[in-house]
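Below is one structure, written out as structure tokens; comments come after it.
The values are calculated or read from the model by the stated rules, or taken from the named source; none is laboratory data. These numbers were taken from a predicted model, which means no experiment stands behind them. Don't worry about glycine lacking a Cβ; one is built from the backbone with ideal geometry, like all the others, and counts go over all protein chains shown.
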Amino acid sequence: MSIALPSQVRLVEVGPRDGLQNEKQPISVADKVRLTDDLSAAGLSYIEVGSFVSPKWVPQMAGSAEVFAGIHQKPDVVYGALTPNLKGFEAAVEAGVKEVAVFAAASEAFSQKNINCSIAESLARFVPVMEAAKAHGITVRGYVSCVLGCPYEGEIRAEQVAPVARELLAMGCYEVSLGDTIGVGTAGQTRRLFDVVGRDIPREKLAGHFHDTYGQALANIYASLLEGIAVFDSSVAGLGGCPYAKGATGNVATEDVLYLLNGLGIHTGIDMDQLIAAGQRICDVLGKPNGSRVARARLGCQGV
């Protein structure tokens, strides 16, 4: 049964972290700072700025502390960071981060391949992070990856996702974002996912994170809206690839999601022109085509 569309939607901008971490070329701290400031100027209320992980594993996230030191932080914007362990959390605290994110998978095979431990072991690793976050008054957002499909296991059932999401909330996450990491999900699967997970978890505590590998991200976001979901992760200019599908696109473009929401009369507080300018600027820096269809259409540069 459909729920009325939300009147407001919060977009969580993950371009500076999830988008840039997949780039091969080095990106300067100054360019990361400029991107973050451009995004906050465009009206994004939540920006995931970086990740406090070993540069050995994610070279593009080196310098996250310097980025946090360099950005102009607006009081009404949340500047978050991914912290996969206690060491990363402590580095984030030292950098002045006020909100962090942790992640688990709905697929045992993906968890083993990605972080070399079981789902249960990965959740156990977050216990000291959650305790430290509570002690420091820092809020924590949770991610669950591979909620609709896994490169190793294939299709993932909603019943596999629900207990992981419940555990993250029970540990202290205020919100859990369900991620279609390889972008294979369809609208029907998405509605069932939120129907099943939403039986035990209030939908205002759930978010959607859709990759556009198969071109289904906007359809899945609309399906999520019909299920009462009002928070979505997206990446400016569609930054970010899908490492499990060679040559495929990754994150859904923030500009394209905004166009969908504007067309539905749903308020976000984001300025489209400024958002497009921010995306094109970072694409120019990277020397790559803009991944947003809306941006390409508005800029009249289909071949850029």
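Selection of region 195-205 for residues being surrounded by fewer than 24 Cβ atoms within 10 Å (Cβ to Cβ) and not charged (D, E, K, R) yields 196, 198, 201, 202. Annotation: residue 232 fulfils all but one of (1) touching a Leu at 6+ places or on another chain (Cβ under 8 Å); (2) aromatic (Phe, Trp, Tyr); (3) at pLDDT below 95; the unmet one is (3). Within region 172-204, if we keep just the residues that are in contact with a Lys or Arg (Cβ under 8 Å, 6 or more places away or on another chain) and at pLDDT 95 or above, the residue that is nearest to residue 223 (Cα to Cα) turns out to be 194. Selection of first residues in region 276-300 that are closer than 17 Å to residue 241 by Cβ and of second residues that are exposed (fewer than 15 other Cβ atoms within 10 Å of the Cβ) and not hydroxyl-bearing (Ser, Thr, Tyr), restricted to Cβ pairs under 6 Å at least 6 apart or on distinct chains, gives the following pairs, ordered by first then second residue: 289/304; 290/304. With respect to (1) of a type outside the set (Asp, Glu); (2) surrounded by 24 or more Cβ atoms within 10 Å (Cβ to Cβ); (3) under 19 Å from residue 249 (Cβ atoms), the lone exception for residue 24 is condition (2). Looking only at region 159-183, which residues are aliphatic (A, V, I, L, M) and either within 13 Å of the chain's Cα centre (by Cα) or crowded, with 22+ Cβ neighbours inside 10 Å (or both)? Within region 159-183, 161, 164, 165, 168, 176, 178, 182 qualify. Residues in region 21-44: is at least one under 30 Å from residue 193 (Cβ atoms), under 17 Å from the mean Cα position of the chain (by Cα) and of a type in the set (Lys, Arg)? No, because not a single residue in region 21-44 is under 30 Å from residue 193 (Cβ atoms), under 17 Å from the mean Cα position of the chain (by Cα) and of a type in the set (Lys, Arg). Selection within region 45-65: residues that are hydroxyl-bearing (Ser, Thr, Tyr) and not in a strand (DSSP E or B). The member of this set that is surrounded by the most Cβ atoms within 10 Å (Cβ to Cβ) is 64.
All of 162, 237, 223 fail the test of being closer than 22 Å to residue 296 by Cβ, assigned to a helix (DSSP H, G or I) and not charged (D, E, K, R), apart from 237. Which residue is surrounded by the fewest Cβ atoms within 10 Å (Cβ to Cβ), if the candidates are limited to region 250-304 and must be among the polar types (S, T, N, Q) and over 20 Å from residue 32 (Cα atoms)? Looking at the filtered set, the residue picked out is 302.
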